[in-house]
1. Name the residues in region 35-61 that are open to solvent by 30 Å² or more (accessible area, probe 1.4 Å) and either hydrophobic (A, V, I, L, M, F, W, C) or in contact with a strand residue (DSSP E or B) (Cβ under 6 Å, 6 or more places away or on another chain) (or both), would you?
2. Would you pick out the residues in region 354-363 that are touching a residue at least 24 places away in the same chain (Cβ under 8 Å), open to solvent by less than 40 Å² (accessible area, probe 1.4 Å) and either assigned to a loop (DSSP other than H, G, I, E, B) or not polar (S, T, N, Q) (or both)?
3. Yes or no: region 297-312 includes at least one residue that is open to solvent by 60 Å² or more (accessible area, probe 1.4 Å), touching a helix residue (DSSP H, G or I) at 6+ places or on another chain (Cβ under 7 Å) and in a loop (DSSP other than H, G, I, E, B).
4. Here is a check on your reading of the model: is residue 290 within 27 Å of residue 154 (Cα to Cα), in contact (Cβ under 8 Å) with a residue 60 or more places away in the chain, under 23 Å from the mean Cα position of the chain (by Cα) and open to solvent by less than 60 Å² (accessible area, probe 1.4 Å)?
5. Residue pairs, Cβ under 6 Å, 6 or more apart or interchain, first in region 113-140 and more than 16 Å from residue 43 (Cα to Cα) and surrounded by 17 or more Cβ atoms within 10 Å (Cβ to Cβ), second of a type in the set (D, E, K, R) and at pLDDT 95 or above. List them.
6. Among the numbered criteria (1) in a loop (DSSP other than H, G, I, E, B); (2) surrounded by fewer than 16 Cβ atoms within 10 Å (Cβ to Cβ); (3) of a type in the set (Lys, Arg); (4) in contact (Cβ under 8 Å) with a residue 24 or more places away in the chain, which single criterion is violated by residue 267?
7. Conditions first: (1) more than 30 Å from residue 149 (Cα to Cα); (2) modelled with pLDDT of 95 or more. Residue 313 passes all but one, so which condition is the exception?
8. Which ones in region 2-21 are open to solvent by less than 20 Å² (accessible area, probe 1.4 Å) and either of a type in the set (Asp, Glu) or in contact with a Ser or Thr (Cβ under 9 Å, 6 or more places away or on another chain) (or both)?
Amino acid sequence: MAHETGLEMRTLVKPNGQLELSLVRVPVPEPGPDEIVVQVQAAPINPSDLGLLTGPADLSTLQASGAGENIVVTAQIPEVAIKMLASRFDQSLPIGNEGAGVVVKAGANAQALLGKTVAMVGGAMYAQYRKIKAVEVLPLPEGTTAVEGASCFVNPLTALSMVETLRLEGHKALVHTAAASNLGQMLNKICIKDGVPLVNIVRSEEQERILRDIGAKYVVNSTSPNFMNDLVAALKETDATLAFDAIGGGKLAGQILTAMEIAQNSKPGAYSRYGSAVHKQVYIYGRLDIRPTEIGSGVGMAWGASGFLLTYFLQKIGMAEANRLRQRVLAELKTTFASHYTKTISLAEALDPAILLAYSKKATGEKYLIDPTR
């Protein structure tokens, strides 16, 4: 291989509360007997990546110096958040949860992967080269590009895990917020195919149209003055008692639980002074809103609200079940789990303040892809 070094994106927090983003040039690693080196050709920017990339930094304070591979971007972290990041001080951390590319080096026990296009998850994907264990990658089917395989872990497996959770916990239907997202569209396709009723909560008429166009039956708009009535009606019809919330902060999780309680109490003979005995569960898997989560009265006594992380779920179900989900992703990679990108950018462009602000908005329907080979 001609290149001896490659660029890698890094994020660093200084004790004075300054965030620093940069590109560093590092040697291309040599693989061990069971390892491979992948030339990364596509790596998506997911909301979970932004948590490490910029964290709680005030992006209105972004400043850039240098250009190309020498670009350095800084921003100030609000004083209230600095103490929470003490364990990160002065550590230059790589970024990027998942990606795909071509195997350019392979250890003695991994020669069969040489030249293959593979998908990967495990961090440090915003780099031109990534060393990884051969057993940890997903060889993509013949004719599948790195772009097509770049997002085949985080969103597809998260969407599948929601339906798996429904089955494991004995629920009949799902509720999902920020439902017109890339992940939300995948979840709709899964639920339609698997016959699982899904109540989608969106924030605009445009987002509602996106979901209606792919066949969604239950779509409610949280900005509508009739939101709660519409939500209760959808919950009565579907009997949904499980929700996955990408918003996190504010009143929405509490509104969902309240609406579930109203729907359950409307059943004949359901009245109890303690509320419905049917358990209602909201899992918070994102923090698009960083305010505290508000859950008021009116939710009864049989409910739960907790965090949800894909990594923990996959560990819980075990390797065999996790592999079953991965195989479904591969089989439906160009249909159910196809991802669409607003723009493809280079590593240096990803640190351009204007572009960084654009993808940091996490706007519905706008997903950016990094191509480190650019």
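The values are calculated or read from the model by the stated rules, or taken from the named source; none is laboratory data. What you are looking at is a predicted structure, and each value in this text was computed from that prediction instead of being measured. Positions of Cβ are generated from backbone atoms using ideal geometry, with glycine treated the same way; all protein chains shown enter the neighbour counts. Only protein heavy atoms, including side chains, enter the accessible area calculation; ligands, DNA and RNA are left aside. Shrake-Rupley method; radii C 1.70, N 1.55, O 1.52, S 1.80 Å.
1. Within region 35-61, 35, 39, 41, 52, 58, 59, 61 meet the criteria.
2. If we filter region 354-363 for residues that are touching a residue at least 24 places away in the same chain (Cβ under 8 Å), which is where we start, we get 356-357, 359-360, 362.
From the residues that got through so far, the ones that are open to solvent by less than 40 Å² (accessible area, probe 1.4 Å) too are 356, 359-360.
Hits for region 354-363 are 356, 359.
3. Checking region 297-312: not a single residue is open to solvent by 60 Å² or more (accessible area, probe 1.4 Å), touching a helix residue (DSSP H, G or I) at 6+ places or on another chain (Cβ under 7 Å) and in a loop (DSSP other than H, G, I, E, B).
4. no
5. From residues that are more than 16 Å from residue 43 (Cα to Cα) and surrounded by 17 or more Cβ atoms within 10 Å (Cβ to Cβ), the pairs are 134/34.
6. In the conditions (1) in a loop (DSSP other than H, G, I, E, B); (2) surrounded by fewer than 16 Cβ atoms within 10 Å (Cβ to Cβ); (3) of a type in the set (Lys, Arg); (4) in contact (Cβ under 8 Å) with a residue 24 or more places away in the chain, residue 267 misses (4) alone.
7. (1)
8. Once the filter is applied, which keeps residues that are open to solvent by less than 20 Å² (accessible area, probe 1.4 Å) and either of a type in the set (Asp, Glu) or in contact with a Ser or Thr (Cβ under 9 Å, 6 or more places away or on another chain) (or both), region 2-21 yields 9, 11, 19, 21.
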